[in-house]
Every structure is written in structure tokens, then in C-alpha cells.
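These notes are about the structure you will find just below.
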Amino acid sequence: MLAGVTDVKVLGYLGRALSLELSAVQLYTTQARLVSIWGLDKAADRLRQEAQEETEHAERII
């Protein structure tokens, strides 16, 4: 019975971690688009890179 409770807790933690990673992807992508509009291409590239890294983190969780 304890193993089942632990599994549910672990799945909950993984779900939360995945949610945070995907939120970070959305945030970095939105910021990249905004700074790109402002003409800050170097900053936009860096933010896109961060979004890609967060996507990789999310893929590891999945």
C-alpha cells in the first residue's frame, strides 16, 4: 500500500516539474518575440536558446 502512495506522490511531483518547465518555455518564447520586435536580436536568440533548454528538460520528464 505504501508503494502506491509513494507512486502517486512521485507522479504529482513530476507533473508539477513538467508544468514549471513548460511555463518557462512559454515565458522565454514570449520574451524572445517581444525583444525581437524591439530589435534586440542577440537577446532574442539567447531567450530562444533558453526556451530550447527548458523544452529539453520537459522532454526528460516525459
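The values are calculated or read from the model by the stated rules, or taken from the named source; none is laboratory data. The structure displayed is predicted, hence computed values, not measured ones. Heads up, the Cβs are rebuilt from the backbone with ideal geometry, glycines too, and the neighbour counts pull from every protein chain shown.
Can you tell me which residues in the range 1-44 are of a type in the set (G, A, S) and on the phi < 0 side of the Ramachandran plot?
Scanning the range 1-44 gives A3, G4, G12, G15, A17, S19, S23, A24, A32, S36, A43, A44.
Considering only residues that are among the hydroxyl-bearing types (S, T, Y) and out of contact with any helix residue (DSSP H, G or I) (no Cβ under 6 Å at 6 or more places or on another chain), which ones fall in the range 3-36?
T6, Y13, S19, S23, T30
Any residue in the range 51-62 that's at pLDDT below 95: show its pairings with residues that are of a type outside the set (G, A, S) and surrounded by 13 or more Cβ atoms within 10 Å (Cβ to Cβ) at Cβ separation under 8 Å, as long as the two are six or more apart or on different chains.
Filtered contacts from the range 51-62: I62/L18.
Restricting to the range 11-58, count the residues that are of a type in the set (K, R) and assigned to a loop (DSSP other than H, G, I, E, B).
So the count comes out to 0.
Just give me the residues in the range 1-45 being surrounded by 15 or more Cβ atoms within 10 Å (Cβ to Cβ) and closer than 26 Å to I62 by Cβ, in sequence order.
L18, E21, L22, A24, V25, Y28, T29, Q31, A32
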